[in-house]
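Please treat every number below as a calculation from the coordinates, not as lab data. Quick caveat: nothing in here was measured; it's all calculated off a predicted structure. Positions of Cβ are generated from backbone atoms using ideal geometry, with glycine treated the same way; all protein chains shown enter the neighbour counts.
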Amino acid sequence: MQARLRETVASDLFQGVVIALILLNAVVLGAETIDGISNRIGPVLLLIDRVILYLFLVEIIMRFLSDPKNYFRSGWNVFDFVVVAVSLPATASGLAAVRALRVLRVLRVVTVIPRMRVVVAALFDSVPGIASVGVVLVLILYVFAVIAANLYGVEHPELFGDVFAAMYTLFTVMTLEGWREIADSVSCTHPNSWAFFLTFLLIATFTMLNLFVAIVVRVVEEDADEEDAARDADLKAELLSLHEKVDRMLAERRDLPR
């Protein structure tokens, strides 16, 4: 029974049905937020949502029964279990804040699609590198904020009145959102301020922020290579096992009396 369940939950058809249910659930949850749709078919959407939740519960039970000893050893299985467990009281609750937790079920698409698992795992693996770059970025932001507060704080107190206001302003500049307006307002009193903003943008935006992307991309490539290597190792082990079985069958056939 466990072997049959294991084959079922690992089949492409089963995975496709789960993905379809997750996508349908996402559409239903989005439709509930549209007044025109929710007013007309609100009860139908709620019924579909509950049916999908019960199907997810059946899926969790099937996965657990297929390999009960190792089910909770996988972080992805634990995530699926927690999401479905949280959704059970959220579906029946009348509180809007609790019911909003149902949208967590949409995140299960990450656990179903292997490539998405690689991306999410890479994001977690890249946290130490991102944290290191983040500390350097904060230091750069602080240094430039002190400089800006001393240079432009008197004429532009709303932007660079103190170090905290200057850090917030420079963070806005770093995101490239409205930085031109800030630079133009400062240039009215300090014509040479373009050199300050250009230097800050080159260091903080075009260099440091690209380091975040580089770290994530590197970790994604490493995790993808590790997953491919693990898949190749499993395939080689299966081929070796099959080869041994064939050798045993041939040996038994030769030992049979003629």
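Which percent of Cα pairs goes in each bin when the distances of segment 1-98 are cut into 5 angstrom slices starting at zero? Once binned at 5 Å, the Cα pair distances of segment 1-98 give 2, 12, 19, 23, 17, 11, 8, 5, 2, 0. This ranking places Leu21, Leu65 by how few other beta-carbon atoms lie within 10 Å of each, fewest first, which gives Leu65, Leu21. Computing P(r) over Cα pairs in 10 Å bins from 0, in percent directly from the structure and comparing it against (1) 6, 22, 25, 22, 15, 7, 2, 1, 0; (2) 6, 25, 31, 23, 12, 4, 0; (3) 6, 19, 17, 18, 18, 13, 5, 2, 1, 1, 0 singles out (3). With helices defined as uninterrupted DSSP H runs, which ones in the chain have an alpha carbon span along their own long axis of at least 15 Å and mean Kyte-Doolittle hydropathy of at least -1.0? What comes out of the filter, once short or polar helices are dropped, is 12-31, 35-66, 75-92, 114-125, 127-152, 163-174, 210-255. Neighbours of Ile61 by Cβ distance under 13 Å: Lys/Arg scored +1, Asp/Glu scored -1, total -2. You can think of it this way: the chain between Leu211 and Glu177 has 10.3 nm of extra reach, that is 0.36 nm per residue less the Cα-Cα gap.
Helix content alone sets the calculated 222 nm mean residue ellipticity of the chain: runs of n ≥ 4 DSSP H residues at -39500 (n - 2.57) each, divided across all residues, give -26500 deg cm²/dmol.
Near Val186: Cβ cut-off under 12 Å, other residues only, Lys/Arg at +1 and Asp/Glu at -1. The net charge is -3. Counted residue by residue at 0.36 nm each, then reduced by the alpha carbon distance between them, the extension gain from Val51 to Glu155 reaches 31.1 nm. Here Gln2 and Val78 are evaluated by their C-beta separation; at R0 = 22 Å the FRET efficiency comes out at 0.65.
Between Asp184 and Asp12, the modelled labels are 5.6 nm apart [label points 7 Å from Cα along Cα→Cβ]. Distance from a point 7 Å along Cα→Cβ of Leu235 to each backbone N in segment 4-21: keep the residues under 15 Å and list them by number. No residue passes the distance filter.
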